[in-house]
Amino acid sequence: MAELTYRDAVAQGIAQEMERDEDVVFLGEDIGAAGGVFKATVGLLDQFGPTRVRDTPIAEQAILGTAMGAAMVGLKPIAEIMFSDFFAVCWDIVANEIAKTRYMTNGQVSLPLVIRTANGGGLRFGAQHSQSIENWAMMIPGLKVVAPSSPADVKGLLAAAIRDPDPVIFFEHKALYPVKGEVPDGEYVDKLGEAKVLVQGDDLTIVALANMVPRAVEAAQRLKDEHGIHATVVDLRSLVPLDTQTIFREVSKTGRLFTVEENPRLCGWGAEISSLVSEELFWDLDAPITRITTPHIPLPAADHLEDMTIPSVDRITDRILKSLG
Amino acid sequence: MAKKPTRKNDDIGEDIRLALYRTQQEVRQVEKRAYDLFLQNMIKGTSHLCIGQEAIAAGFGVAMKPGDWSFCTYRGHGHTLARGASMTGVLGELMGRDCGLLGGKGGSMHLTDVTKGAMGSYAIIGAHLPIAMGAAWKAQYKKTGEVSVCFFGDGTTNIGAFHEAVSMSAVWKLPVVFVCENNLYMEYTAIGDVTPVKNPAADRASAYGLPSIIVDGNDADAVYRVAQEAFAKARAGDGPSLIECKTYRHHGHSRADPGKYRPDAEVKEWIAKDPIPFYRQRMLDFGISEEAIKTIEDDVAKAVNAATEESKNAPPPSEDLILKDVWADGGWAWRN
């Protein structure tokens, strides 16, 4: 084990896969010579050269179309969309082309590709560089959706995504890039579609994703230390495939479910989980499900305002205490 | 039997010329059959015929090598046939039968036959230009010599993806050939009314450091020659080409469109320039016998009839297909 930052784990995960498989190629804006605007891809150009690690113009449709075409003929491209907000300018390629082509062609076409992107708020970038858009991707049939919360998961899930034969949207949380954690040395590959139980408790279950995971863990600690309440925390890690077995198992043990979502409220992933639990686990519930989300607004920029908007440890704790009465 | 060419300086040659004519006949006769099947309500949904534009599909289709990749639009029946996809596969798909190229899951606008290098028909304007680049990137990276060919209409030259793709292909020097089929109408609107330059593709080429290339898209020989030049450039590592083919669709934009917005005189002028009788006459001028030409026409007619019957008699697609092939494991599961 070595201690790495979340951003270094990105580069390590990519390097691991590019070393073992020459079909893996990487393209995006400022990813090569500049090492990425978040410095998550430093060193890859030097290690693999400009034919495999390729800087592009500011042209998101060209980037994702190129990734798709390359995947169609046998490469395993990784494309970077610098900020997830920019998916809005290339959504045709994602939603109409990449997601649907295998199905429409009756299985003639395989698209083993990964689109990495910096997602989420907390850096005071305002409404067009801070969104959590994982639910946009989740609602399109044909896309796998992954969002790691720790450096180890970045390396392992990124490797799994690159090896996966289907298109994967890989949401890195930009507020987590400087966070450090233990990462397994050597070749390390995780599995897509498995949630992880990070904290075990008998009183209630919190389900969280990406940057909401460390906040949920901290809230669980506070509930335990200050109120004697024991929470389970489930890190979803992947929205598609969705590990409903782990969610159901943990919710059925406690009878109470809280989702913590950074996305604005309407059609957030928590709504789907809430619906599934209501349909399939209703008689195991002791209380209504509570969704803790960003309000249904564009994100404000000022630090004070942004902090009031995205679910915080305080808000998570308070909301849970209020629900428990 | 075919006679020797009577004209001199024939750079195309009889074999290629017969192939060009056969492909044009195949496309024309399948499209006419598709039109008839619509009227009989055997084909549902929409469809975009390329009657009048066959010389482009034939010229590029014959010039391409088996390993090359082609990408086309929803007006793609001709381009798919020109790569060697089966008529039964095409007509069966249009008719929603299990013998269709896509098992009935794609329909008229998405014909694809990967085994023939026909890498798909794309129904969102502009999307496939960047996608064609990706295949070209592989050929460049692996140094395997394939060319990626991308067909699109004049209307595509006004969408962002066109500019992103041509620009980045030029920067990356990709072996990709962009082919604009300028049939004068984006859909129901004349391209000249919505485009700031006279030649929608060719006049934009200089913005990407590419030469301006215009070709008579109704002359299969001319198209074949320009294709050969562009492919040689691409295979030599000298980068992309942007080619504008002037042509005309004889029908409206799609099934729903009788094309009444077009002046009668213009339609008449272009019907007179129909690529197929034109090419037939050229073959006769080059000494190819009426008999050889007629044999091609009859062979194709028989093949179209057989494909029609085969498709009509084929069962509808199996219901199992509905939940198949969202993922590479063949399934559709999004949860455990």
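What's the number of the condition A:V73 fails, among (1) of a type in the set (A, V, I, L, M); (2) at the interface with chain B (Cβ under 7 Å from one of its Cβ atoms); (3) surrounded by 24 or more Cβ atoms within 10 Å (Cβ to Cβ)?
(3)
If you scan region B:255-284, which residues turn out to be of a type in the set (D, E, K, R), surrounded by 12 or more Cβ atoms within 10 Å (Cβ to Cβ) and either assigned to a helix (DSSP H, G or I) or at pLDDT below 95 (or both)? Explain how you work it out, then say what you get.
Residues of region B:255-284 of a type in the set (D, E, K, R): B:255, B:257, B:260, B:262, B:264, B:266, B:268-269, B:273-274, B:280, B:282.
Of the ones still in play, those that are also surrounded by 12 or more Cβ atoms within 10 Å (Cβ to Cβ) are B:255, B:257, B:262, B:266, B:273-274, B:280, B:282.
Once the filter is applied, which keeps residues that are of a type in the set (D, E, K, R), surrounded by 12 or more Cβ atoms within 10 Å (Cβ to Cβ) and either assigned to a helix (DSSP H, G or I) or at pLDDT below 95 (or both), region B:255-284 yields B:R255, B:D257, B:R262, B:E266, B:R280, B:R282.
Could we say that B:G287 is within 14 Å of chain A (Cβ to nearest Cβ) and either in contact (Cβ under 8 Å) with a residue 60 or more places away in the chain or part of a helix (DSSP H, G or I) (or both) here?
On the way: within 14 Å of chain A (Cβ to nearest Cβ): no; either in contact (Cβ under 8 Å) with a residue 60 or more places away in the chain or part of a helix (DSSP H, G or I) (or both): yes.
The answer is no for B:G287.
In region B:103-118, what residues are touching a Lys or Arg at 6+ places or on another chain (Cβ under 7 Å) and within 16 Å of B:A57 (Cβ to Cβ)?
First, pick out the residues of region B:103-118 that are touching a Lys or Arg at 6+ places or on another chain (Cβ under 7 Å): B:104, B:113, B:116-118.
Residues satisfying the conditions are B:D113, B:K116, B:G117, B:A118.
Please go through region A:248-271 and give me each residue that is in contact (Cβ under 8 Å) with a residue 60 or more places away in the chain and more than 19 Å from A:F171 (Cα to Cα), ordered by number.
Listed by number, the residues that qualify are A:R256, A:F258.
Within the group A:A67, A:A62, which residue is closer than 15 Å to B:W137 by Cβ, within 9 Å of chain B (Cβ to nearest Cβ) and in contact with an Asp or Glu (Cβ under 7 Å, 6 or more places away or on another chain)? Walk me through how you get there before you give the answer.
On the way: A:A67 fails: in contact with an Asp or Glu (Cβ under 7 Å, 6 or more places away or on another chain).
Criteria check complete, one pass: A:A62.
Could you run through region B:61-81 and say how many residues are free of Cβ contacts under 8 Å to residues at least 60 places away in the same chain and either in contact with a Gly (Cβ under 7 Å, 6 or more places away or on another chain) or crowded, with 23+ Cβ neighbours inside 10 Å (or both)?
6
For A:Q47, which of the numbered conditions (1) part of a loop (DSSP other than H, G, I, E, B); (2) in contact with a helix residue (DSSP H, G or I) (Cβ under 7 Å, 6 or more places away or on another chain) fails to hold?
(1)
Just to be sure before I move on: is B:A232 small (G, A, S) and part of a helix (DSSP H, G or I) in the structure I sent? Break it down stepwise before answering.
Working: small (G, A, S): yes; part of a helix (DSSP H, G or I): yes.
Yes: the conditions hold for B:A232.
State whether one or more residues within region B:82-96 are without any contact (Cβ under 8 Å) to a residue 24 or more places away in the chain and part of a loop (DSSP other than H, G, I, E, B).
If we filter region B:82-96 for residues that are without any contact (Cβ under 8 Å) to a residue 24 or more places away in the chain, which is where we start, we get B:93.
Those left that are additionally part of a loop (DSSP other than H, G, I, E, B): none.
Checked against the condition, which is being without any contact (Cβ under 8 Å) to a residue 24 or more places away in the chain and part of a loop (DSSP other than H, G, I, E, B), region B:82-96 yields no hits at all.
Under 8 Å by Cβ, and 6 or more places apart or on different chains, what pairs join a residue from region B:315-331 that is more than 10 Å from chain A (Cβ to nearest Cβ) and touching a residue at least 12 places away in the same chain (Cβ under 8 Å) with one that is surrounded by 17 or more Cβ atoms within 10 Å (Cβ to Cβ) and of a type in the set (D, E, K, R)?
B:P315/B:R97; B:P316/B:R97
Taking into account only those residues within region B:118-152 that are in contact with a Ser or Thr (Cβ under 6 Å, 6 or more places away or on another chain) and surrounded by fewer than 24 Cβ atoms within 10 Å (Cβ to Cβ), which is farthest from the other protein chains (Cβ to nearest Cβ)?
Among those residues, the one meeting the criterion is B:I125.
Is it fair to say B:G252 is outside any helix (DSSP H, G or I), away from chain A (no Cβ under 14 Å), within 21 Å of the chain's Cα centre (by Cα) and surrounded by 16 or more Cβ atoms within 10 Å (Cβ to Cβ)? Spell out the reasoning first.
Working: outside any helix (DSSP H, G or I): yes; away from chain A (no Cβ under 14 Å): yes; within 21 Å of the chain's Cα centre (by Cα): yes; surrounded by 16 or more Cβ atoms within 10 Å (Cβ to Cβ): yes.
Spelling it out, B:G252 is indeed outside any helix (DSSP H, G or I), away from chain A (no Cβ under 14 Å), within 21 Å of the chain's Cα centre (by Cα) and surrounded by 16 or more Cβ atoms within 10 Å (Cβ to Cβ).
The values are calculated or read from the model by the stated rules, or taken from the named source; none is laboratory data. Bear in mind that the values here come from a model prediction, so they are computed numbers and not experimental data. Note: ideal-geometry Cβ built from the backbone for every residue, glycine included; neighbour counts use all protein chains shown.
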